[in-house]
Amino acid sequence: MGRHFLRTGLGLSLASMALAACTGASVQEVRRNFGPEDPLPGACYARGITPAVLETVTSQIQEAPETLAEDGTILAPARFRTVTSTRIVTPRGENWFQTPCALRDRDPDFVSQIQRALKVRGLYTGDINGFYDVPTRKAVQAYQSSRGLESGTLSTPSAQSLGLVELGRDG
């Protein structure tokens, strides 16, 4: 019975709490946010990641000056060391944005409409196949990057600007 009890999730949870009590550590519930904090009912969302912006500075620091003879001849050159430091200019960000539910459902007719709309604008060169594949994602990202969204997942505002989704309606 003891073996069966420890194999269950409850048994493992109780065992970890008992271990934490012995070590003096506290057990905290892990919560993950799989959507925006205040979603609209019936709306679909995608997560966008804004990469961190890093700055790397490399400089030369003199460790020892040059050694000169009385006549000005260099006996030993100056010694320098290279120091490199990196700092985060803008931290990594995560944002949720609204996306057409037809895209989440991978509706091939809707995906074909996306491909046609991007092809007309010269951003998509692949076949109109109804698959949300890598060329489609790259074309969507190219379209949206000029609008400030770095994502290969089509946002609802981008779908509206492409004429694929009416205001107030989802494709």
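The values are calculated or read from the model by the stated rules, or taken from the named source; none is laboratory data. Just so we're clear, the structure is a prediction, and the values are computed from it rather than from any experiment. Positions of Cβ are backbone-derived with ideal geometry, glycine not excepted, and every protein chain shown enters the neighbour counts.
Miscellaneous remarks
- Check on Phe110, within 19 Å of Val165 (Cα to Cα) and not hydroxyl-bearing (Ser, Thr, Tyr): yes
- Lone qualifier among Gly126, Gly122, Gly93, Gly152 - being small (Gly, Ala, Ser) and at positive phi: Gly122
- Top-ranked residue of region 63-95 - restricted to ones that are under 30 Å from Gln160 (Cβ atoms) and among the polar types (S, T, N, Q), ranked as modelled with the lowest pLDDT: Asn95
- Output for region 112-171, where each listed residue is under 19 Å from Ala43 (Cβ atoms), among the small types (Gly, Ala, Ser) and in a loop (DSSP other than H, G, I, E, B): Ser151, Ser155, Gly168, Gly171
- The single residue among Gln160, Gln98, Gln141, Gln115 that is among the polar types (S, T, N, Q), surrounded by 19 or more Cβ atoms within 10 Å (Cβ to Cβ) and either more than 21 Å from the chain's Cα centre (by Cα) or modelled with pLDDT of 90 or more (or both) turns out to be Gln115.
- Residues in region 125-138 that are more than 11 Å from Ser112 (Cβ to Cβ) and more than 23 Å from the chain's Cα centre (by Cα): Thr125, Gly126.
- Given (1) in contact (Cβ under 8 Å) with a residue 40 or more places away in the chain; (2) among the small types (Gly, Ala, Ser); (3) surrounded by 12 or more Cβ atoms within 10 Å (Cβ to Cβ), number of the condition Gly93 does not satisfy: (3)
Each row is one residue, and each column tells you yes or no for (1) surrounded by 10 or more Cβ atoms within 10 Å (Cβ to Cβ); (2) among the polar types (S, T, N, Q).
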| residue | (1), (2) |
| --- | --- |
| Glu55 | yes, no |
| Thr67 | yes, yes |
| Pro77 | yes, no |
| Arg87 | no, no |
| Asp105 | yes, no |
